[in-house]
Amino acid sequence: MAILWISHTGPAWIATADDWTIVTYSIGIAAARVVLDVIAEGLIDLVDPDRWDGGIAYAIAEGLRQLRTDITMGADPDEVLDSLRTSDLVPELLEILRALSTQYGARGDEDEKQRLLAAVLHLRHADQNIGYGPDQVAALHAATADETSLR
């Protein structure tokens, strides 16, 4: 549309429009696109509500890859470790694996259930070695909130 307007070609409503009219058209087109995207996402979720099952794992893995890159590029290791501790990433992964093991147990797949429970045990040890206790996490969250409110 911008090329047609600049070159004064195309439909008359574009070729003869003034600056503000073109801006209005552009905003209208962008708004229509956003509305249509929201409607399409809603319809897709209605048709296939399971489309995100497991997809979030790829996004988390990408975030962790970026975090690893940040560390190698010189990010403050204390801040990264504090973020890892307070984000509850390891306990959440532990709970996901525990829920999966329950599902496999319900299916009768005891081998997979036991394998996942072994991973849960390892994650519990990892959390104990890098994590804080619940009281310390709450205190760290409170300190972070206080710092934010002071800014």
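The table that follows gives values for the structure above.
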quantity: Accessible area in the full protein assembly, largest first, 1.4 Å probe, for Thr102, Thr9, Thr16; calculated: Thr16, Thr102, Thr9
quantity: Chain lengthening between Val47 and Arg124 when straightened (0.36 nm per residue, less Cα-Cα); calculated: 23.9 nm
quantity: 15 Å beta-carbon shell around Pro77, net charge (K/R +1, D/E -1); calculated: -3
quantity: Accessible-area order (highest first, 1.4 angstrom probe) of the listed residues Tyr25, Tyr58; calculated: Tyr58, Tyr25
quantity: Cα-based equivalent ellipsoid, segment 52-93: semi-axes from gyration tensor eigenvalues, Å; calculated: 21, 14, 5
quantity: Virtual spin-label span in nm between Val38 and Leu84, 7 Å along Cα→Cβ; calculated: 3.9
quantity: Estimated distance in nm for a label pair at Val23 and Thr69, the labels positioned 7 Å out from Cα along Cα-to-Cβ; calculated: 3.7
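The values are calculated or read from the model by the stated rules, or taken from the named source; none is laboratory data. Please read all numbers here as calculations on a predicted model, not as lab measurements. In this analysis, Cβ positions are derived from the backbone assuming ideal geometry, glycine residues included, and neighbour counts consider all displayed protein chains. Heavy atoms of the whole protein, side chains included, go into the accessibility calculation; ligands, DNA and RNA do not. Shrake-Rupley method; radii C 1.70, N 1.55, O 1.52, S 1.80 Å.
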